[in-house]
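The values are calculated or read from the model by the stated rules, or taken from the named source; none is laboratory data. As the structure is a prediction and not an experimental result, all values here were calculated from the model. A quick note on method: Cβ atoms are made from the backbone with ideal geometry, for glycine too, and the neighbour counts reach across all protein chains shown.
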Amino acid sequence: MKLRQIFTAPNQLTLLRMVFLPFIVDNLVDRHYMTALVLFVLAGLSDGLDGFLARHLHQQTLLGQYLDPIADKLLLSTMFLSLSVMHMIPWRYTVMVFSRDISIVAASSVLYAIAGLRDFRPSIFGKANTFSQVAAIFFVLLFEVYHIEWVYVARSAFLWATFAFTVISGVHYVFLAQHRMRQIAQGEPQVVGKKQVA
């Protein structure tokens, strides 16, 4: 039954998004920025479409709940790393993105090991951070295709937004983790969910 979850339309789209990644990086390395941009946009559209299909086709699965955020993080983290290596994004932004994600994974692992907690739904700050990262990558690539001033301004604005929301969402997650730990210490009942933090 679990194996059949792979073949649902939403999960197939999620896997397709992961397949896009090496082709995006390959085109970046070859400096085919327009192709890389188009593939990145398609990957982003597949992210929205798989969620839409999962809800409307009633194909929300346990595999999809884990696979979707993994695909998102893999895409965005790889893009930030690749663009920094190519000197298109300053390293400070990439370091912040990786530091936050590693910290969240570590804290989630501790809470899961201690109390089996998995119910860490994305906060409004986490969603804003993801949007900022996607927009920043989009405008970084677009600026390589069209050297226009407004594109550069948008690129800079979303990079700074990424920096800000990375800090804010990271701090918010720390407070959330501390709150959960206090609940555990006080013996309050916990709701164990299946959603991973984003």
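Considering each of Ala107, Ala154 in turn, give the residue that is at pLDDT 90 or above and part of a helix (DSSP H, G or I).
Ala154
Here's a check for you: in the range 131-151, which residue that is surrounded by fewer than 18 Cβ atoms within 10 Å (Cβ to Cβ) and either among the charged types (D, E, K, R) or without any contact (Cβ under 8 Å) to a residue 12 or more places away in the chain (or both) is nearest to Phe80 (Cα to Cα)?
Per the criteria, the residue is Phe131.
So, in the range 84-105, of the ones that are touching a Leu at 6+ places or on another chain (Cβ under 7 Å) and not polar (S, T, N, Q), which residue ends up nearest to Ala177 (Cα to Cα)?
Tyr93
Mind checking which pairs have a first residue in the range 73-88 that is of a type outside the set (Ser, Thr, Tyr) and a second that is crowded, with 17+ Cβ neighbours inside 10 Å and outside any helix (DSSP H, G or I), Cβ under 6 Å, 6 or more apart or different chains?
Filtered contacts from the range 73-88: Leu83/Ile89.
Considering only residues that are at pLDDT 80 or above and of a type in the set (Val, Ile, Thr), look in the range 10-41 and name the one that is surrounded by the most Cβ atoms within 10 Å (Cβ to Cβ).
Per the criteria, the residue is Ile24.
When you scan the range 152-169, how many residues do you find that are of a type in the set (Gly, Ala, Ser) and surrounded by 20 or more Cβ atoms within 10 Å (Cβ to Cβ)? I'd like the intermediate steps shown before the answer.
Within the range 152-169, the first condition is being of a type in the set (Gly, Ala, Ser), and the residues that meet it are 154, 156-157, 161, 164, 169.
If we keep only those that are surrounded by 20 or more Cβ atoms within 10 Å (Cβ to Cβ) too, we end up with 169.
Residues meeting the conditions: 1.
Taking the options Gly44, Gly64, name whichever one is at pLDDT below 90 and more than 16 Å from Ile137 (Cβ to Cβ).
Details: Gly44 fails: more than 16 Å from Ile137 (Cβ to Cβ).
Matching residue, one of Gly44, Gly64: Gly64.
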